[in-house]
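Down below is the structure, laid out as structure tokens.
The values are calculated or read from the model by the stated rules, or taken from the named source; none is laboratory data. No experiment lies behind these values; they were computed from the predicted model shown. Glycine also receives a Cβ, built like all others from the backbone with ideal geometry; neighbour counts cover every protein chain displayed.
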Amino acid sequence: MAEPVNGFSKLTKNQKIEWLAKNHFINKEEGVKTLEQYWNKDAKLQALHDEFIENTISNFYLPLGIAPNFLINQKYHTIPMAIEESSVVAAAGKAAKYWQQRGGFKTKILGTEKIGQVHFMYHGDASKLKSFFTEVEPKLYKATETITENMRKRGGGISTIELKNKTSQLDNYYQLHCTFETLDAMGANFINSCLEAIAKTFSAEAHQNSLFSPEEKNIEIVMSILSNYVPNCVVKAEVSCKIEELNEDKNLNPQEFADKFVRAVAIANAEPHRAVTHNKGIMNGVDAVVLATGNDFRAIEAGAHAYASKSGSYKSLTHAEIKDGIFKFWIEIPLALGTVGGLTSLHPLVKLSLEILDKPSARALMQIIAVAGLAQNFAAVRSLITDGIQKGHMKMHLMNILNQLGATAEEKAYFVDFYKNKTITHSNVIKEFNDLKAKNV
């Protein structure tokens, strides 16, 4: 059991590792060696990585894969994906190829509005507060002018500031609900800086306003923070084709395939247990590109799942229909992204990923990532209603099992061919592997 440690953050990197080895590693030398194996040989590059977060001891690598042939709005894209889960990149590439032959993906930005809020408590007459807000609102914009100057020059900035009475949800609770346009920046720091300036001015002005009694002047600012729920920063991506063009499945004819696909999506809309897994599959594609481009996948996840619950029940982020002989499948998803700031200019692989995507604007990246999510969901649902999800997934997982078993290159090639037309299970692979070893002995 580890002992408490004081001043850990002040220790050098090597001292932190020494403490870890002493208190946590079963094999101290092996543990230290493993950490050092993942250090970058370029000391300058490693120093850059060390400064991304606190108490850095090593780098935790994820594979960076590529899914080519995405035809989006009649332009081809190669999409970088950082993810550890097998079959995701392969499924994305397969879906891209499928829809490439059927007109490709179409996308549309439905909005780019970001949100931030000043949360405060007010004990007093609501009508007085409303009058005060009307009076002070211009001063709130003015208080942020130095912060928003550059953003305003580029066409962004604060869009609106609104007073909201939330006392029906919590006694004495109000908020200043602010909307922003942050262009190619995700804008978290920009928004939070604006909110803090607004909160400071709002509180100071209340203290000296004659509308309020002494008690009413004591507005308590609880917190000022952006929201990762951005229901008006939304992108739509879709695919569609004539039903007869859905003709690549050996088990179902095109009409059967379309009907079954639509029913599968309807089930995800009706049943939250299914919807969660359905949407997790979408986020396989979304998160992989979000990570590769240096964006915040936790914020994207939180916002997407909140959006899936906006009706009061958790539902699918994708939709499907058959109308006038046309099969249509689409997604609407909130994506607050940036292509400048943050890690986008610091992390070498993020910079390279954005180059692979032809240095997109934030709006363009929204569309690409929505397509990645839609493609992933199409591939998953297609597998589920035809051969089942495990056939393809376990083929990709086969290599992980063989690596765990320490298989040689020749043995890997043998088993890839061996399982070409067989069902793969973890226990079965172990048995066949041991049998092969026994024969060779």
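Against the conditions (1) surrounded by fewer than 18 Cβ atoms within 10 Å (Cβ to Cβ); (2) in a strand (DSSP E or B), Ile57 satisfies every one except (2). For Glu321, are the conditions met, namely being under 25 Å from Ser227 (Cα atoms) and assigned by TED's automatic domain parsing to the domain that holds Gln74? Here the answer is no, as Glu321 does not meet what is asked. Scoring Ser86 on the criteria (1) exposed (fewer than 14 other Cβ atoms within 10 Å of the Cβ); (2) at pLDDT below 95 leaves a single failure, condition (1). Residues in region 314-323 include at least one that is loosely packed, with under 14 Cβ neighbours inside 10 Å and free of Cβ contacts under 8 Å to residues at least 24 places away in the same chain. Please indicate, with yes or no, whether at least one residue in region 411-420 is loosely packed, with under 15 Cβ neighbours inside 10 Å, over 30 Å from Asp249 (Cβ atoms) and either modelled with pLDDT under 85 or not assigned by TED's automatic domain parsing to the domain that holds Ile83 (or both). Scanning region 411-420 turns up no residue that is loosely packed, with under 15 Cβ neighbours inside 10 Å, over 30 Å from Asp249 (Cβ atoms) and either modelled with pLDDT under 85 or not assigned by TED's automatic domain parsing to the domain that holds Ile83 (or both). Screening the candidates Tyr98, Tyr61 for the property of being without any contact (Cβ under 8 Å) to a residue 24 or more places away in the chain and of a type outside the set (A, V, I, L, M, F, W, C) yields one hit, Tyr61.
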